[in-house]
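Down below is the structure, laid out as structure tokens.
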Amino acid sequence: MLKVQEIREIIKLIDQSSISEFTYETNGTTVSMKKNNGNNTVQTQVQPVISMEQQSNDTPKTEVQEQTVPSTSETPEKKTELESKTEYDYEIVSPMVGTLYTAASPESDPYVSKGSAVEKDTVVCIVEAMKLFNEIEAEVSGEIVEILAEDGELVEYGQPLFRVKSR
């Protein structure tokens with residue numbers, strides 16, 4: 001069974017992404033989430049999975065428990081406040097699916113951190129795909145204002161990794 005904190009983190013990730021529906025199944029429990037665009041709520045449905053053996057016995061069937069959890073998204077007024085605090089002109093996105101590394105080796109310092117100045121050819125991270133380590137360059141001169149992915153995280157094609165305020 002997922003812990004409340006894990007469910008909150010999943011809700012936050014779903015809310016920040018363009019995904020409208022999500023289902024996760026583990027250890028006989030299913031968690032389904034569906035994002036309602038106009039409602040600002042995420043519906044979470046937890047349903048234990050019943051095996052055929054349990055159904056053939058005289059055990060009562062498990063009912064579906066449904067709860068509505070407020071999403072972590074802000075109202076439009078709050079979103080514009082946040083966007084104005086974190087101003088950026090450019091997002092550095094992942095050119096491929098792979099594992100993100102923020103440093104050349106585990107012992108090394110990260111390539112960049114929040115507030116770091118970058119040039120067009122500055123290496124900001126590495127994305128490993130099929131045992132090939134691909135250096136990702138900033139492609140713009142400016143300052144890193146936000147880091148959107150963590151070291152060791154699996155990233156998708158086109159996923160924003162860094163936000164840059166260009167000069």
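Backbone amide hydrogens, once placed in the peptide plane, bring Val124 within less than 5 Å of Ile136, Glu137, Ala138, excluding anything fewer than 5 places away on its chain. With both labels modelled 7 Å from their Cα along Cα-to-Cβ, the Thr29 to Ser113 distance reads 3.7 nm. Modelled this way, with points 7 Å down the Cα-to-C-beta line, the labels at Leu13 and Glu128 are 1.9 nm from one another. Taking chymotrypsin sites (Phe, Trp or Tyr not before Pro) across the stretch 120-167, the ones in a DSSP loop with at most 14 further Cβ atoms lying within 10 angstrom of their Cβ are Tyr157.
Packing order of peptides 25-35, 138-148, highest average first: 138-148, 25-35 (average count of other Cβ atoms within 10 Å over each peptide's residues).
Quick note: the coordinates plus some simple rules give every number you see, no bench work behind them. Please read these numbers as outputs of a predicted model, since none were measured by experiment. Neighbour counts are summed over all protein chains in view; Cβ atoms, including those assigned to glycine, are modelled from backbone coordinates with ideal geometry.
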